[in-house]
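S.K.: Let me give you the structure first, and then I'll get to my questions.
The values are calculated or read from the model by the stated rules, or taken from the named source; none is laboratory data. Since this is a predicted model, take the numbers as computed values, not measurements. Methodologically, a virtual Cβ is constructed for each residue, glycine included, from the backbone with ideal geometry; neighbour enumeration extends over all protein chains shown. Heads up: the accessible areas ignore ligands, DNA and RNA and are worked out on the full protein's heavy atoms, side chains in. Shrake-Rupley method; radii C 1.70, N 1.55, O 1.52, S 1.80 Å.
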Amino acid sequence: MNAEQILELNKRFGAERPEEVLKWAAEYFNGQVVFSTALGAEDQVITDMIFRNKLNIPQVTLDTGRMFDETYKLLRENEQRYNMRIKVFFPDAVAVESMVNEHGINLFRDSIENRKLCCRVRKIEPLKRALTPYSAWICGLRREQSITRNEINVIDWDESNQKVKINPLASWTEQEVWDYIRDNAVPYNELHDKGFPSIGCAGCTRAVKRSEHVRAGRWWWEAPEQKECGLHLVDGKLVRKNK
Ligand code: SF4
């Protein structure tokens, strides 16, 4: 898919309902599109839409080895509710051993470089493997989530993975996400009710106050413009092919 096609698709789908975007993606990519869920509230909405509409879109997720118990519980709940198995990708064991033995068990607290190294080993490399068989991937990013995400489109080009990236909820507000979850009794991570609006690895996520930004609890010791694990960045920026 070239830049012009992506531009045209954004004109067509920029204001379209997420379910219509997902239906189009399933049909257009015909088995070549995958949904990468991090089991966040947005991801739960997309999971529900995929199953409600019986779309041909498989799901993958990453187990970094540092996740909350509540996240594993939700993964199990999803499998039971939707009667499916989400394919789980793990980091390379040798790479984790080597990183931890060189830099320490909680290396991510020591420097931004170490934190990025940990995200690279535990998230970016497994995601690359998970996406390899596909031409496109879907994720639950929204523009209002953070300053690193405010330029995303419904259809983007993922330069790092060389794939089309589809963000069906790009224009949704947090309120719309939670309205959908409540209206459709969608399961969600119980940590959301305990002050965790955004949930990542246990060592890198804390609860936030009502007055704080939804992603304030992620890597809270870093500046806002640094706060991406690298899954959605190239050279520190979200890349749009149609720019
Ligand atoms: Fe490592 Fe933290 Fe990134 Fe998880 S979020 S991969 S623990 S640095």
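S.K.: At 37 °C and a viscosity of 0.692 mPa s, what translational diffusion coefficient does Stokes-Einstein give for the chain, taking Rh as the Kirkwood radius over Cα pairs? Give it in µm²/s as a whole number.
M.R.: Numbers: Rh = 18.4 Å.
Estimated diffusion coefficient is 179 µm²/s.
S.K.: Taking only Cα atoms and a 10 Å spring cutoff, compute GNM fluctuations for the chain and point out the largest among A136, A223, A26.
M.R.: Largest GNM mean-square fluctuation: A223.
S.K.: May I pose another question? Take the Cβ-Cβ distance between F51 and E222 as r, set R0 to 41 Å, and report the resulting FRET efficiency rounded to the nearest 0.05.
M.R.: Details: r = 36 Å, r/R0 = 0.87.
The pair F51/E222 has a calculated efficiency of 0.70.
S.K.: If you take the charge dipole of the range 177-225 about its Cα centre, with +1 on Lys and Arg Cβ and -1 on Asp and Glu Cβ, which of N189, A202, W178 is farthest toward its positive end?
M.R.: Of the options given, the answer is A202.
S.K.: Using modelled amide H (1.01 Å from N, peptide plane; none on Pro or chain starts), what sits under 5 Å from the amide H of I155, excluding residues fewer than 5 places away?
M.R.: So I155 has HN proximity to N167.
S.K.: Next up: Against the longest alpha carbon principal axis of the chain, how many degrees, from 0 to 90 and to the nearest 10, is the axis of helix 41-52 turned?
M.R.: Once rounded, the angle reads 40 degrees.
S.K.: What is the gain in length, in nm to one decimal, between E190 and V88 on full extension, counting 0.36 nm per residue of separation less the C-alpha to C-alpha distance? Intermediate values should be presented prior to the final figure.
M.R.: Numbers: separation 102, 0.36 × 102 = 36.72 nm, distance 2.06 nm.
The span from E190 to V88 would gain 34.7 nm if fully extended.
S.K.: Now, a different point. Quick check on the chain: helices-only [θ] at 222 nm, where DSSP H runs of length 4 and up contribute -39,500 (n - 2.57) each and the sum goes over total residues. Nearest 500, please. Let's see the in-between values first.
M.R.: Working: 8 runs with 85 residues, N = 243.
Rounded to the nearest 500, it is -10500 deg cm²/dmol.
S.K.: Sticking with this one: Once you keep just the Cα pairs under 8 angstrom separated by 6 or more residues, what percentage relative contact order results for the chain?
M.R.: Working: 373 pairs, mean separation 58.1, N = 243.
After rounding, I find 24 percent.
S.K.: For the pairs K163/K209; K23/K116; K54/K163; K73/K165; K54/K128; K116/K209, flag any whose C-alpha to C-alpha distance is greater than 32 Å. List each step's numbers first, then the result.
M.R.: Numbers: K163/K209 37 Å; K23/K116 35 Å; K54/K163 23 Å; K73/K165 28 Å; K54/K128 26 Å; K116/K209 26 Å.
Beyond 32 Å: K163/K209; K23/K116.
S.K.: Of all accessible surface on the chain at a 1.4 Å probe, what whole percent is carbon and sulfur?
M.R.: 48 percent
S.K.: Can you give me the accessible area per residue for the chain, using a 1.4 Å probe, in Å²?
M.R.: On the way: 11790 Å² over 243 residues.
Accessible area per residue, the chain: 49 Å².
S.K.: In sequence order, what are the phi-derived ³J(HN,Hα) couplings for the range 177-184 according to the Karplus relation 6.51 cos²θ - 1.76 cosθ + 1.60 with θ = phi - 60°, rounded to whole Hz, with x for glycine and proline?
M.R.: Result, ordered by residue: 4, 6, 4, 5, 4, 6, 4, 10 Hz.
S.K.: Mind listing the phi-derived Karplus ³J(HN,Hα) values for the range 163-169, rounded to whole Hz, using 6.51, -1.76 and 1.60 with θ = phi - 60°, and x for any glycine or proline?
M.R.: Taking θ as phi minus 60°, the curve returns 9, 6, 10, 10, 10, x, 9 Hz for the range 163-169.
S.K.: Under a 5 Å amide H to amide H cut-off, with H placed in plane at 1.01 Å, what residues pair with I138 once short-range neighbours are removed?
M.R.: Excluding prolines and chain starts, which carry no amide H, the hits are V34, F35, S36, I166.
S.K.: Here is a further query. Compute the separation of the alpha-carbon centres of the range 108-147 and the range 1-27 and state it in Å as a whole number.
M.R.: Taking the Cα centre of each part, the range 108-147 and the range 1-27 sit 23 Å apart.
S.K.: How big is the shadow of the Cα convex hull of the range 39-116, averaged over all directions, in nm²? Write down the numbers at each step before the final one.
M.R.: Details: hull surface 25.6 nm².
Its Cα hull, projected and averaged over all orientations, spans 6.4 nm².
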